[in-house]
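Okay, structure first, notes after.
Just so it is clear, none of the values below were taken in a lab; they were calculated from the coordinates. Note that the structure is predicted; figures quoted are calculated from it, not measured. Virtual Cβ from ideal backbone geometry, glycine too; neighbours counted across all protein chains shown.
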Amino acid sequence: MPRGRTENVLTTTYDDGALTRSPDELIVEEPLSIRLDDALVATTMRTPGHDFELAAGFCFTDGLLAGAPVLACRYCGTGSAVDTEFNVVSVETGGLAPVPTPRLTTTTSSCGLCGSTTLDDLAERLAPMQATTPIPLEVLATVPERIRGEQGLFDATGAVHAAAAFDGRGTPLVVREDVGRHNAVDKVVGRLLLDDGLPADGLGLYVSGRASFELVQKAWAAGFSALVAVSAPTSLAVATARRANLTLAGFVRGNRMNVYAPEWMEG
């Protein structure tokens, strides 16, 4: 399931008083239960596809691996993959990861951390990133347009977010789409993790919506140098990016953007 799944649903269209019936392509949204060494850690609503990346990326950005390597990812864990409809993924470390504490509620396709981690708690787990050569602002400004051409699911349904890793020249390296912004980011991070591409030194992370605290947290955990969002950040996202020494740009549209972190950049 590399691309994500869609379904055609018959719908009624109202257009200037006229009613017509036609099929509409909709994105599929299903729950994914993520298990770490067979212990349930979370259930998230996601777009099926790239599920191993999502599960591995979630465990990594949530700090559950604690440095343990991912030895394998597999469907099932509570039954056969067919019986669980490919909606359960186990991330295996051979017992090297600490025994996780599961989340008490289902993670929706929009919420991410849901307030479970504060900035001070995060700073205890993650050190500020080392200074690197920043990606030029003129490069960051080109990223949304470069990613836009690779958002096939959005073109088909208009109902998904995109995340992407890009290099210092703005070239997209990994692009993923999902109904959840944080899921799309976890899929990108998971792909880099499984390819031994973390920390993401010198790379940037793009998100197609707003820059919330949990997305900055995931960018920090993965070691990205910059986070580019087409919409606004939250105040906590800005505070987190500044604590992390992460470049944070919002409202990146055309040749204009707001740079929120670091606190001041020379022209």
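Structure notes:
- The label-point distance for Asp155 and Gln130, in a model that sets each label 7 Å from Cα toward Cβ, rounds to 4.1 nm.
- Percent of beta bridges antiparallel (DSSP, region 137-261, rounded to nearest 5): 65 percent
- Of the residues Gln217, Val179, Gly250, the one whose Cα sits farthest toward the positive end of the charge dipole of region 137-261, with +1 on the Cβ of Lys and Arg and -1 on the Cβ of Asp and Glu, is Gly250.
- Lys, Arg +1 and Asp, Glu -1 on Cβ, resulting dipole of region 137-261 about Cα centre, debye, nearest 20: 400 debye
- Each label point was placed 7 Å from the Cα along the Cα-to-Cβ direction; for Leu236 and Leu10 their separation is 4.6 nm.
- Amide H to amide H, with H built 1.01 Å from N, Arg5 comes under 5 Å of Val28, counting only residues 5 or more places away or on other chains.
- In this structure, the amide hydrogen of Ala261, modeled 1.01 Å from its nitrogen in the peptide plane, lies closer than 5 angstrom to those of Leu248, counting only residues at least 5 positions away or on a different chain.
- Ordering of 225-237, 176-188 by burial proxy (mean other Cβ atoms within 10 Å per residue, highest first): 176-188, 225-237
- For the chain, the relative contact order is 17 percent, taking Cα pairs closer than 8 Å that sit 6 or more residues apart in sequence and dividing their mean separation by the residue count.
- Close amide-amide hydrogen proximity is noted between Gly180 and Thr47, His161, each under 5 Å apart and 5 or more residues distant or on a separate chain (H modeled in the peptide plane; Pro and chain starts excluded).
- Taking the Cα centre of region 188-249 as origin and assigning +1 to Lys and Arg Cβ atoms and -1 to Asp and Glu Cβ atoms, the resulting dipole is close to 260 debye.
- For the chain, the 222 nm mean residue ellipticity estimated from helices alone, with every DSSP H stretch of n ≥ 4 adding -39500 (n - 2.57) and the total spread over all residues, rounds to -7000 deg cm²/dmol.
- A simple rule links phi to the HN-Hα coupling: the Karplus curve 6.51 cos²θ - 1.76 cosθ + 1.60 with θ = phi - 60°, which for region 167-180 gives 8, x, 9, x, 7, x, 9, 9, 10, 9, 10, 6, 5, x Hz, with x for Gly and Pro.
- Cα shape, region 137-261, gyration tensor, a/c 1.5 rule: rounded
- Calculated from backbone phi, Karplus (6.51, -1.76, 1.60) coupling profile of region 250-263 in Hz, x at Gly/Pro: x, 6, 7, 9, x, 9, 10, 7, 10, 9, 9, 8, x, 4
- Take 50-56, 6-12 and order them by the average number of nearby Cβ atoms within 10 Å per residue, most first; the result is 50-56, 6-12.
- The charge dipole of the chain, taken about the Cα centre with unit charges on the Cβ atoms of Lys, Arg (+1) and Asp, Glu (-1), comes to about 440 debye, rounded to the nearest 20.
- Bridges between two residues of the chain, per DSSP, are antiparallel at a rate of about 75%.
- For region 15-20, Karplus couplings with θ = phi - 60° (6.51, -1.76, 1.60), whole Hz, Gly/Pro x: 9, 6, x, 9, 10, 9
- A dipole drawn for the chain from +1 and -1 charges on Cβ atoms has a positive end, and of Leu19, Val139, Gly67 the residue lying farthest that way is Val139.
- One way to sum up the overall shape of the chain is the equivalent ellipsoid from its Cα gyration tensor, whose semi-axes run 29, 27, 15 Å, largest first.
- Label-to-label distance, nm, for residues given as Phe86 and Ala39 (7 Å Cα→Cβ offset): 2.9 nm
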